[in-house]
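The values are calculated or read from the model by the stated rules, or taken from the named source; none is laboratory data. The model shown is predicted, which means the values in this text are computed figures rather than measured ones. As a convention, Cβ positions derive from the backbone with ideal geometry for all residues, glycine included, and neighbour counts pool all protein chains shown. Please note that ligands, DNA and RNA were not included when accessible areas were found on the heavy atoms of the full protein model with its side chains. Shrake-Rupley method; radii C 1.70, N 1.55, O 1.52, S 1.80 Å.
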Amino acid sequence: MDTRRIGDVEVSAIGLGGMPMSIEGRPDEARSLATIHAALDAGVTLIDTADAYHLHADEVGHNETLIAKALASHDRGADVLVATKGGHLRPGDGSWTLNGSPAYLKEACEASLRRLGVEAIGLYQFHRPDPSVPYADSVGAVRELLDEGKIRLAGISNADPEQIRLANEILDGRLVSVQNQFSPAFRSSEPELELCDELGIAFLPWSPLGGIARAGELGSAYAPFARIAEKHGVSPQRVCLAWMLAKSPVVVPIPGASRPETIRDSAAAPELALSAEEIAELDAV
């Protein structure tokens with residue numbers, strides 16, 4: 001697979017988003033492990049997770065534990081950069097809450113270290129801004145984790161341009177990734193993508209295919225993706241990921257998957273070369 005860079009680490013141009021394997025509608029563990037192994041077999045070397053990817057209140061970190069198990073049972077597991085996040089919580093009633101306090105983020109990082117079974121987390125990202133905590137304080141905690149060697153790389157998620165610039169300043173130019181929602185249905189992160197391109201910071205689109213419920217409808221909702229997919233003999237989802245990759249060399253999509261065949265299809269996206277005319281047509285959607 002083609003590769004891109006997150007900080008000083010070379011990763012596959014397509015990553016695997018782990019959330020669908022741990023929240024509502026999740027598959028059984030056997031299928032999840034098979035999905036992660038299929039990703040590794042396809043050349044994926046970036047897996048995205050978070051401590052909040054779980055269903056019940058008593059299983060915080062379900063997805064981290066699942067990924068650790070999958071990597072330990074595959075001969076390519078050691079080659080994977082695991083990106084996890086802290087600062088978002090799920091009380092267990094289906095809701096999502098926030099805690100960006102430095103003390104909590106440090107506790108969350110320690111717990112993620114234990115679940116992942118590593119001495120340092122490959123990429124740790126502040127999950128979502130907490131309005132009750134100054135953003136600089138939250139990112140400051142991430143900086144301390146980086147300085148202490150608890151994490152190897154630092155990133156942020158769900159950030160706007162001002163927060164990206166502030167985080168990079170607080171991290172002394174060591175901000176390596178921004179993980180924001182971006183898809184044909186959600187284009188409002190274009191300014192953040194452009195800023196990351198300018199600064200050389202990896203931009204990781206989450207829900208790049210439109211989310212768990214809508215990913216299968218991409219072709220029917222956006223005719224150009226279906227038309228170009230038919231022309232190339234591939235899925236609209238593969239066209240979507242190839243389009244994102246063409247936008248900038250800093251883009252590393254992380255499509256979620258819970259079936260081996262889904263991640264295999266996504267992993268083939270870097271092989272699809274779109275013409276300038278096709279890219280322009282998709283940009284205009």
Regarding region 1-15, can at least one residue be identified that is surrounded by fewer than 15 Cβ atoms within 10 Å (Cβ to Cβ), at pLDDT 95 or above and in contact with a Pro (Cβ under 7 Å, 6 or more places away or on another chain)? yes
If only one of Ala246, Ala213, Ala226 is under 19 Å from Thr3 (Cβ atoms), small (Gly, Ala, Ser) and open to solvent by 30 Å² or more (accessible area, probe 1.4 Å), which one is it? Ala246
So, in region 143-158, how many residues would count as being touching a helix residue (DSSP H, G or I) at 6+ places or on another chain (Cβ under 7 Å) and either open to solvent by less than 30 Å² (accessible area, probe 1.4 Å) or farther than 16 Å from Ala103 by Cα (or both)? 4
Given the residues Arg227, Arg264, Arg238, which is the only one that is in a helix (DSSP H, G or I), on the phi < 0 side of the Ramachandran plot, in contact with an Asp or Glu (Cβ under 9 Å, 6 or more places away or on another chain) and free of Cβ contacts under 8 Å to residues at least 12 places away in the same chain? Arg227
If only one of Ala72, Ala38, Ala30, Ala68 is free of Cβ contacts under 8 Å to residues at least 24 places away in the same chain and either farther than 20 Å from Gly94 by Cβ or open to solvent by less than 10 Å² (accessible area, probe 1.4 Å) (or both), which one is it? Ala30
I'd like the full set of residues that are touching a helix residue (DSSP H, G or I) at 6+ places or on another chain (Cβ under 8 Å), under 27 Å from Ala34 (Cβ atoms) and of a type in the set (A, V, I, L, M), limited to region 245-264. Leu245, Ala257, Ile263
Given the criteria at pLDDT 95 or above, in a strand (DSSP E or B) and either at negative phi or open to solvent by 30 Å² or more (accessible area, probe 1.4 Å) (or both), does Gly100 qualify? no
